[in-house]
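*Asks:* This structure is in structure tokens; I'll ask about it shortly.
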Amino acid sequence: MTKIQQNSVCQKKLNHFNSEIEKLNRFSQTHFHAGWLKKPIMSGKYHAWLLNRGSLTFHLQKYYTKFSVKPLLNMYTKPLLDEIAPLAILLQHKTLIREVLLVGNQVPVVFAHSVLPRKSLRGGWLSLAHLGNKPLGAVLFANPKVQRTALSFKKLSPHHALYQRAARHLKYSVDEKPAYLWARRSIFSLNCANIMVTEVFLPALFNN
């Protein structure tokens, strides 16, 4: 390949990358803040749980006499649209999606959905791809070098993908399912590697 041809290939790659960045910026405008709040307004009994910035795993372990993690999903697939811009990933990139249930006294109380880009699964976070039934929060909060963004909050409607995934584990008939589910999310960072964790609080949390 001649130098001119090499330059042409490089320019095409650069143009493609710039195009993807432009798409990413458009998504940032339309999806990043779509329905996600800085404060959990009118969240009632969920308020204290939503605002607690400590380890949710640790908090649940203190709240319940029996606590466990039930793995549901651990596979590479595309993230949700409103997860792309905050993590600065391209539209076509598949990420590791980890979904688990946090179970208190044998009842699911939190549905956790984590987005782990491939580029973040390195160094100290290489093992995050193989946690199994170990809680992700225990790993994140054990390292004082890990930084966390401010929390954002959302009342998930039945049309939201995370509501639908979480609702599969609610012990209700179709007519009894809640009108919405409160969720919160934030990004954890370590040495420029970022992962997003979303926690959906289930009604059974208050049955203890």
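*Asks:* Right, A179: surrounded by fewer than 17 Cβ atoms within 10 Å (Cβ to Cβ), within 19 Å of P40 (Cα to Cα), touching a residue at least 40 places away in the same chain (Cβ under 8 Å) and of a type in the set (G, A, S) or not?
*Replies:* Criteria not met by A179.
*Asks:* Among the helices (runs of 4 or more DSSP H) confined wholly to segment 39-107, which include 2 or more residues that are closer than 21 Å to L190 by Cα?
*Replies:* Ranges flagged: 56-63, 81-87.
*Asks:* In this structure, does F141 turn out to be surrounded by 20 or more Cβ atoms within 10 Å (Cβ to Cβ), in contact with a helix residue (DSSP H, G or I) (Cβ under 8 Å, 6 or more places away or on another chain) and either at pLDDT 95 or above or aromatic (F, W, Y) (or both)?
*Replies:* Taking the combined requirement at face value, the residue does not satisfy it.
*Asks:* Among the residues of segment 163-191, how many are under 18 Å from V139 (Cβ atoms) and more than 14 Å from the chain's Cα centre (by Cα)?
*Replies:* 2
*Asks:* Only one of V69, V103, V110 is buried (at least 16 other Cβ atoms within 10 Å of the Cβ), under 14 Å from the mean Cα position of the chain (by Cα) and under 16 Å from E199 (Cα atoms); which?
*Replies:* On inspection, the qualifying residue turns out to be V110.
*Asks:* Identify, from the list A166, A129, the residue that is assigned to a helix (DSSP H, G or I), over 22 Å from F206 (Cα atoms) and not polar (S, T, N, Q).
*Replies:* A129
*Asks:* I've got another one for you. Tell me yes or no: at least one residue of segment 192-203 is within 13 Å of the chain's Cα centre (by Cα), surrounded by 12 or more Cβ atoms within 10 Å (Cβ to Cβ) and of a type in the set (G, A, S).
*Replies:* Looking through segment 192-203, none of the residues is within 13 Å of the chain's Cα centre (by Cα), surrounded by 12 or more Cβ atoms within 10 Å (Cβ to Cβ) and of a type in the set (G, A, S).
*Asks:* Go through L87, L96 for me and flag whichever is modelled with pLDDT of 95 or more, farther than 18 Å from Y163 by Cα and either out of contact with any His (no Cβ under 9 Å at 6 or more places or on another chain) or small (G, A, S) (or both).
*Replies:* The unique qualifying residue is L96.
*Asks:* Whether any residue in segment 115-136 is under 13 Å from the mean Cα position of the chain (by Cα) and of a type in the set (G, A, S) is what I want to check.
*Replies:* The answer is no; no qualifying residue exists.
*Asks:* L140: touching a strand residue (DSSP E or B) at 6+ places or on another chain (Cβ under 7 Å) and either free of Cβ contacts under 8 Å to residues at least 60 places away in the same chain or under 19 Å from Q61 (Cβ atoms) (or both), yes or no?
*Replies:* yes
The values are calculated or read from the model by the stated rules, or taken from the named source; none is laboratory data. Please read these numbers as outputs of a predicted model, since none were measured by experiment. Quick reminder, even Gly has a Cβ in these numbers, built from the backbone with ideal geometry, and neighbours come from all protein chains shown.
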